[in-house]
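First the structure, in the form of structure tokens, and then the observations on it.
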């Protein structure tokens, strides 16, 4: 009887042990786990003087609540200056735009006038040269007439001398002698007249030469005017370049105005998310630099669990498996799911990863971080906090 009872007890213990072992194979757990979440660092985007701080450490804030205000006066002045600069640039741009069609019209008109003057000057030079050529031909004729008249006068004078001797001897009549004297006087008068004609033509030629020079001077001036007028497209291009430069200047001052307005907005620092304030280091009267951290906000929504399982516990673990989460602080069990397994062990992410190429290798079981989500609507009172210890039990079924 005693042996039967002992065998029965042994059988019960063996069965219980086997049941416990089989149940343990269905789950994996670790005490190296904690609640985790995002921590938002709050810093100033611009340098400034703190004039208002509306929160304290451990205070609950909502998204959009004003945390800190910086002195806005410098930025208001910058906005006023940017507006004035932009107005001045816009006025200059409008003036430049008005100059473009005016320059187009002016240069076109100037070029037409210059071409007309040039044509008139060319005609004037041609006429003056033609007149000078005509006078030169007349001069040649007049000089020839002078030579003919001088020859006739010489012949008439010789005849008078010859007839004078003959009339003294009564070999010719007095009438014939008087006729030769009259002919000589007439020939002399003709010479004087031809010489006077030559002098007149010479005076006219001097005037014509002066007219040619004047006409050529006008033509040169007209050429210069045409060349100057031909620079009209360049003047238009310069005016258009001024318009482009004015447009760029307007855009520059518009950007400065937008930046000044943004800087004014940045003087009011608001909470980017709802959560609890921590690590507050800012106070009224403090001068902040751009990027200087003032506080942190820990959101109480979207928390998760980071559990460091041994590498030997991951054989059957996969995303989607249900998890029971025993929170040490409250003795309350929450539920969740395995989201994903880290890409490397925690040692690989440490500041000084272990170096095992020394030959003195000792095998140590590594731990791999596993992220576990917490089922929503289980923490309506926001009791959970990042850093709390948790014991997760993963169901491997």
### Query
Taking neighbour Cβ counts within 10 Å as the exposure measure, how do 79, 39 sort from fewest upward?
39, 79
### Message
Rg over Rh of region 284-336, using C-alpha atoms and the Kirkwood radius, what does it come to?
### Response
1.24
### Summary
Fewest to most Cβ atoms within 10 Å: 349, 309 sort as 349, 309
### Query
Convex hull volume of the Cα atoms in region 35-84, per residue, in Å³?
116 Å³
### Message
Above 24 Å lies some portion of the pair distances; for region 269-397, what is it as a whole percent of all C-alpha pairs?
### Response
49 percent
### Task
Just rank 294, 139, fewest to most, by other beta-carbon atoms within 10 angstrom.
139, 294
### Query
What ranking, highest mean first, results for peptides 149-155, 264-270 when packing means the other Cβ atoms within 10 Å averaged over each residue?
264-270, 149-155
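Every read-out reported here was derived from the displayed coordinates using simple, explicitly stated rules and does not represent laboratory data. What you see is a predicted model; the values in this text were computed from it and never measured. Reconstructed Cβ throughout: ideal geometry from the backbone, glycine too, with neighbour counts over all protein chains shown.
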